[in-house]
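Visitor: Okay, handing you the structure first.
The values are calculated or read from the model by the stated rules, or taken from the named source; none is laboratory data. Because the structure is predicted, anything quoted here is derived from the model rather than measured. Here the Cβ is made from the backbone with ideal geometry for all residues, glycine too, and neighbour counts use every protein chain on show.
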Amino acid sequence: MDNLARLVSIVSRRTFRAEGHVFAVTPERVAIAEGVRAAVAMAPMLAAAMLLARPEVALGAVAAFWNCLCDPQGEKAARLKATGTFTILGGIVMPLSACAASWGYFASLVTLFVLVFLCGLARSYKPALGPMPTQAGLVASLAVVIGVALARPLIGALELGGYFLLGSAWTMLFCVFLWPIPFRQSANLMLSTIFGRLELMTGFLLALDPLPGTNVTGWEEFDTVHRRGVRMSIERGRALAALDTSNGSRLGPYIDTAARIFSALIAIGHSRRTSEAALNAKSRDLLQGLQEVLQEVSTHGLLDRPLPDAVVMQSNSLVRQAAGEDDVVVRAVAFAASAIVRLAAGGLASVVVGNALPVAAARTGQIVDSLVWRHALRVAIATVIAFAIGTWLNVTLAYWGALAAIIVTQPISSNTWLRVLERAIGSLIGGLIAAALLATLPGPGAMLLAILPLAAAAIASRLVSYGLFVIFLCPMFMLVSDFIHPTGGLIAARFVNEIIGAIVGVAASFLLWPERSSDTLTAAVSAAISANMRFASAALRLDGGSATTLDNLQRDAGLASTRLEAARERLLLEGRWRSAWLEHLREVIVALRSVCGAAAVLEVLREGDPGAVDRQRADGYDAMTAQLLHALTSRTTWQLPAAQPAGVAEDDLAQAIRHFVSALNTYVSR
């Protein structure tokens, strides 16, 4: 476990820059055991198809694979609900679509439209940081297309549905009851990633220090790239702790400790950025000591044993060396080291947040969210058009184009571009793998043996990177298709159908009820301003006993800023990279990060009651926030009062807010 933890820690240090971006890679989410389990679940149906010389039985293996994709892990009840929903939906729509398609071409198109639309209503869309994971409604709509492609009279359609239900029901039984996989390995890898990135962040601070405040590009990278990378990995850890009933109670305190260390590093970064002198020898030694502790922590499977004695001893030593010092860096290091000491002593109570990734606010008063039904209609239209184009052009396996259209068409148009790009790269590499296998495999038996490791790799990588997932998915389904319905020209058919699906998906996303980017962006800016200013006010208003509240508010601020960065990047992906106002928006984001950093310094250095003046200031910042939000929506500039409240000095937080207001004024006056 330790060797794997070291490997994941090393890889995650190379991929942290992708966090929060459209091409995110999360190596700690590799699921080797789940991949092997999926292959074992598929094996009986594939073996039966070969032994009985009934290729259509392999549909049960396809259902098994899809069922594994729908499995959310976590609580048994939630897993049964997700996989059961898919099994019921697929068991209904596949034979229904196969039977209806046997009535003719026009019936096929009508069936595609109606059933794909209905399956789309079973999905949910709460856009956050990119495309959502695969859900039962999406996968069931793929079953509709497969059913149309395998048109049969009623008896034959029911037979296909029976194979599908058999494979899916068997997989539910096997995965949920016979081979439930605990999250222990995932939890250990998650912690290796988090603490490895904290160590990398600490090292970056040390590298920036020789010229504090002068390396503007370096400090902006610290405030955006490093803070975003650590924040997102911490939030994935919280999500995993919420799902993992067996290890969550132990994983949670580690996540909380990492969050406290993260706060300390943010405080150090803000302090050093505004400093005019290099670190003194003691501060540098203590910061290097913290880096060594974090590096040691990141290389161990932490849930398999207590914290190493060397880590606890060194953390205690850092706390003792920092005692009595007033330097910001020294006190922040003590703040971080104390969190590790309390963790070793079992003194940190975890607060697990079940929904860790930011989501849009739920709408009320509607049976089906308008975003859901509009997108269901958009996908249904795209599916029919892609299938019609493929059949009109007499493309081999034209239903592949319809499948591609379903997958690439996203609620947000820029996410459609993302899916198209990732599928293009993945299909290119996967197509080459498939070509090599089809040219060299001696017969059906060897083909089926090749399908299983490809399926295992696809499931194992599905949460690591969508592009990597497609690399294994593409040859797997090409081999399955060739086994069920042998045909020539598979490689060319794959690429032609992908092109058709991509073009139709992009057109549907941009032309059919596109989401207004300006509204989405304004909402993201407003949320980021509110969250960061709320944390700043709380840092002034709350006393030291409110650490949990402050942690949650800082977390919300960091996630809101990351969500705003993602919204900005989506606009860049849509081709607006030359827009000057997006550069002004980047300056707003950096300024908000600075406000959060200045507030983090107050949290780390807090001693007792901040006093009435701080509460007065916090109230003033709350009022300022409302005025800034009004200025944003009305596109008017807003000026800070010329002076701070009586008796309040122009400290780091006041300066950060003044800089933020200036950046926002530049943005709104574009």
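Visitor: Would you be able to tell me the number of residues in segment 140-162 that are of a type outside the set (D, E) and touching a Lys or Arg at 6+ places or on another chain (Cβ under 9 Å)? Working first, answer last.
Guide: Within segment 140-162, the subset of a type outside the set (D, E) is 140-158, 160-162.
Still in the list and also touching a Lys or Arg at 6+ places or on another chain (Cβ under 9 Å): 141, 158, 160.
The number of residues fulfilling the criteria is 3.
Visitor: Go through G196, G203, G162 for me and flag whichever is within 26 Å of K76 (Cα to Cα), at pLDDT 85 or above and part of a helix (DSSP H, G or I).
Guide: The conditions single out G162.
So that you can scan it fast, the table gives a plain yes or no per residue for (1) of a type in the set (G, A, S); (2) modelled with pLDDT of 95 or more; (3) farther than 28 Å from A49 by Cα; (4) not in a helix (DSSP H, G or I):
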{"residue": "I88", "(1), (2), (3), (4)": "no, no, no, no"}
{"residue": "M94", "(1), (2), (3), (4)": "no, no, no, no"}
{"residue": "G130", "(1), (2), (3), (4)": "yes, no, yes, yes"}
{"residue": "V139", "(1), (2), (3), (4)": "no, no, no, no"}
{"residue": "M172", "(1), (2), (3), (4)": "no, no, no, no"}
{"residue": "A187", "(1), (2), (3), (4)": "yes, no, yes, no"}
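Visitor: Give A267, A278 a once-over and let me know the one that is outside any helix (DSSP H, G or I), among the small types (G, A, S) and in contact (Cβ under 8 Å) with a residue 24 or more places away in the chain. Let's see the steps before the verdict.
Guide: Details: A267 fails: outside any helix (DSSP H, G or I).
Of the residues listed, the single one that is outside any helix (DSSP H, G or I), among the small types (G, A, S) and in contact (Cβ under 8 Å) with a residue 24 or more places away in the chain is A278.
Visitor: Another question, then. If the requirement is being at pLDDT 80 or above and surrounded by 14 or more Cβ atoms within 10 Å (Cβ to Cβ), which of these qualifies: E603, E587? Write out each step before concluding.
Guide: Values: E603 fails: at pLDDT 80 or above.
Being at pLDDT 80 or above and surrounded by 14 or more Cβ atoms within 10 Å (Cβ to Cβ) holds for just one of E603, E587, which is E587.
Visitor: May I pose another question? Checking the condition surrounded by fewer than 24 Cβ atoms within 10 Å (Cβ to Cβ) and among the aliphatic types (A, V, I, L, M), which residue from L138, L191 passes?
Guide: Values: L191 fails: surrounded by fewer than 24 Cβ atoms within 10 Å (Cβ to Cβ).
Answer to the selection: L138.
Visitor: Looking at (1) in a helix (DSSP H, G or I); (2) modelled with pLDDT under 80, find the lone condition where P212 falls short.
Guide: (1)
Visitor: Can I ask one more? Which of (1) farther than 25 Å from T383 by Cβ; (2) buried (at least 19 other Cβ atoms within 10 Å of the Cβ) is the odd one out, the single condition C68 does not satisfy?
Guide: C68 satisfies all of (1) farther than 25 Å from T383 by Cβ; (2) buried (at least 19 other Cβ atoms within 10 Å of the Cβ) except (1).
Visitor: Could you grab me the full set of residues in segment 259-283 that are among the basic types (K, R) and more than 35 Å from the chain's Cα centre (by Cα)?
Guide: Applying the first criterion (among the basic types (K, R)) to segment 259-283 yields 260, 272-273, 282.
Within segment 259-283, K282 is the sole residue that qualifies.
Yes/no matrix, rows are residues, columns are (1) modelled with pLDDT under 85; (2) in the same structural domain as V114 (by TED's automatic domain parsing); (3) in contact with a His (Cβ under 6 Å, 6 or more places away or on another chain); (4) of a type outside the set (V, I, T):
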{"site": "R363", "(1), (2), (3), (4)": "yes, no, no, yes"}
{"site": "W373", "(1), (2), (3), (4)": "yes, yes, no, yes"}
{"site": "L403", "(1), (2), (3), (4)": "no, yes, no, yes"}
{"site": "T440", "(1), (2), (3), (4)": "no, yes, no, no"}
{"site": "I451", "(1), (2), (3), (4)": "no, yes, no, no"}
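Visitor: Filter segment 453-493 for residues that are in contact with an Asp or Glu (Cβ under 8 Å, 6 or more places away or on another chain) and at pLDDT 85 or above and give the result.
Guide: Residues satisfying the conditions are I459, A460, V470.
Visitor: Checking the structure you have, find out if any residue of segment 242-249 is charged (D, E, K, R), assigned by TED's automatic domain parsing to the domain that holds A337, modelled with pLDDT under 85 and surrounded by 24 or more Cβ atoms within 10 Å (Cβ to Cβ).
Guide: Step one: of segment 242-249, the residues charged (D, E, K, R) are 244.
Right, trim to assigned by TED's automatic domain parsing to the domain that holds A337 and you get 244.
Now narrow it down to the ones that are modelled with pLDDT under 85: 244.
Narrowing further to those that are surrounded by 24 or more Cβ atoms within 10 Å (Cβ to Cβ): 244.
Within segment 242-249, one or more residues are charged (D, E, K, R), assigned by TED's automatic domain parsing to the domain that holds A337, modelled with pLDDT under 85 and surrounded by 24 or more Cβ atoms within 10 Å (Cβ to Cβ).
Visitor: Still on this structure, I have one more. Have a look at A618, A536, A524 and point out the one that is farther than 19 Å from A656 by Cβ, at pLDDT 80 or above and either buried (at least 18 other Cβ atoms within 10 Å of the Cβ) or assigned by TED's automatic domain parsing to the domain that holds S271 (or both).
Guide: On the way: A618 fails: farther than 19 Å from A656 by Cβ; A536 fails: farther than 19 Å from A656 by Cβ.
None of the others qualify; the one that does is A524.
Visitor: Starting from segment 219-238, take each residue that is assigned to a helix (DSSP H, G or I) and list its partners that are of a type in the set (K, R) and modelled with pLDDT of 80 or more, counting only C-beta distances under 7 angstrom and pairs at least six apart or across chains.
Guide: Taking only residues 6 or more apart or on different chains, the pairs are D223/R593; T224/R593; R227/R593; G229/R197; V230/R197; S233/R197.
Visitor: Now for a separate question. Report every pair of residues separated by at least 6 positions or lying on different chains whose Cβ atoms are under 6 Å apart, first residue within segment 180-206 and under 11 Å from L240 (Cβ atoms), second among the aromatic types (F, W, Y) and part of a helix (DSSP H, G or I).
Guide: Pairs found: L191/Y254.
Visitor: Against the condition of a type in the set (K, R) and within 24 Å of V110 (Cβ to Cβ), how does R197 come out, does it pass?
Guide: Numbers: of a type in the set (K, R): yes; within 24 Å of V110 (Cβ to Cβ): no.
No: the conditions fail for R197.
For (1) surrounded by fewer than 19 Cβ atoms within 10 Å (Cβ to Cβ); (2) closer than 30 Å to D651 by Cα; (3) outside the structural domain of E199 (by TED's automatic domain parsing), each residue gets a yes or a no:
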residue	(1), (2), (3)
E276	yes, yes, no
D285	yes, yes, no
V293	no, no, no
H300	no, no, no
P306	yes, no, no
V312	yes, no, no
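Visitor: Inside segment 62-76, can you point out the residues that are acidic (D, E) and either at pLDDT 85 or above or touching a Cys at 6+ places or on another chain (Cβ under 7 Å) (or both)? Before you say what the answer is, go through the steps one by one.
Guide: Filtering segment 62-76 down to residues acidic (D, E) leaves 71, 75.
The one that is acidic (D, E) and either at pLDDT 85 or above or touching a Cys at 6+ places or on another chain (Cβ under 7 Å) (or both): D71.
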